[in-house]
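J.: Mind looking over this structure? Questions follow.
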Amino acid sequence: MKQCTHTDALPHPEPEPLSETCVECLAAGTHPVQLRLCMECGHLACCDSSPLRHATEHFKDTGHPIMRTFEPGENWRWCFTDHVLV
């Protein structure tokens, strides 16, 4: 089973969100479907079900590997680099 190699490098405590929603969606005039929080810097972005997939774009632009869901009642994390749930 493949495992994430990035969890040990995560900051503690986890970063606070830098915004209340996906600011890229606001600027583009679209609405995020669900939000994801970058576990390295606190950037809040929309998921891949959103039209512009800003969380994935944030990973591509920054290399920050792990995000977590920012949806109420959910607590999973995803590693973009290793393609696994953390």
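The values are calculated or read from the model by the stated rules, or taken from the named source; none is laboratory data. Predicted model only: the values in this text are computed from it and were never measured. No Cβ is skipped: glycine too gets one built from the backbone with ideal geometry, and neighbour counts run over all protein chains shown. Accessible surface is based on the protein model in full, side chains and every heavy atom, while ligands, DNA and RNA are left aside. Shrake-Rupley method; radii C 1.70, N 1.55, O 1.52, S 1.80 Å.
J.: Does region 69-86 hold any residues that are hydroxyl-bearing (Ser, Thr, Tyr) and more than 15 Å from GLY42 (Cα to Cα), and which are they?
T.: THR81
J.: Now for a separate question. Consider LEU37 carefully, then state whether it is of a type in the set (A, V, I, L, M) and crowded, with 17+ Cβ neighbours inside 10 Å.
T.: Spelling it out, LEU37 is indeed of a type in the set (A, V, I, L, M) and crowded, with 17+ Cβ neighbours inside 10 Å.
J.: I need the full set of residues from region 62-78 which are in a loop (DSSP other than H, G, I, E, B) and open to solvent by 40 Å² or more (accessible area, probe 1.4 Å), in order please.
T.: Answer for region 62-78, where residues must be in a loop (DSSP other than H, G, I, E, B) and open to solvent by 40 Å² or more (accessible area, probe 1.4 Å): GLY63, PHE70, GLU71, PRO72, GLY73, GLU74, ASN75, TRP76.
J.: Same structure, new question: Would region 52-61 turn up any residue that is part of a loop (DSSP other than H, G, I, E, B), open to solvent by 20 Å² or more (accessible area, probe 1.4 Å) and in contact with a Cys (Cβ under 6 Å, 6 or more places away or on another chain)?
T.: No: zero hits.
J.: Moving on to the next point. Being polar (S, T, N, Q) and open to solvent by 90 Å² or more (accessible area, probe 1.4 Å): is that true of GLN3 here?
T.: For GLN3, the condition - polar (S, T, N, Q) and open to solvent by 90 Å² or more (accessible area, probe 1.4 Å) - is met.
J.: Please name all residue pairs, on different chains or six or more residues apart, with Cβ atoms under 8 Å, provided the first residue is in region 1-16 and is modelled with pLDDT under 80 and the second residue is surrounded by fewer than 14 Cβ atoms within 10 Å (Cβ to Cβ).
T.: Here the result reads LYS2/HIS83, each pair linking region 1-16 to a residue that is surrounded by fewer than 14 Cβ atoms within 10 Å (Cβ to Cβ).
J.: List pairs: first residue in region 22-34 and assigned to a helix (DSSP H, G or I), second residue open to solvent by 60 Å² or more (accessible area, probe 1.4 Å) anywhere in the structure, Cβ distance under 8 angstrom, at least six positions apart or on different chains.
T.: GLU24/LEU52; GLU24/GLU57; CYS25/HIS31; CYS25/LEU52; ALA28/LEU52
J.: Could you please find all residues in region 14-28 being under 16 Å from the mean Cα position of the chain (by Cα) and either among the acidic types (Asp, Glu) or open to solvent by 90 Å² or more (accessible area, probe 1.4 Å) (or both)?
T.: Of everything in region 14-28, those that are under 16 Å from the mean Cα position of the chain (by Cα) and either among the acidic types (Asp, Glu) or open to solvent by 90 Å² or more (accessible area, probe 1.4 Å) (or both) turn out to be GLU14, GLU16, LEU18, GLU20, GLU24.
J.: If you don't mind, there's one more thing I want to ask. Mind telling me which of the residues ASP48, ASP82 ends up being open to solvent by less than 70 Å² (accessible area, probe 1.4 Å), over 16 Å from LEU18 (Cα atoms) and part of a loop (DSSP other than H, G, I, E, B)?
T.: Result: ASP82 is the single residue among ASP48, ASP82 that is open to solvent by less than 70 Å² (accessible area, probe 1.4 Å), over 16 Å from LEU18 (Cα atoms) and part of a loop (DSSP other than H, G, I, E, B).
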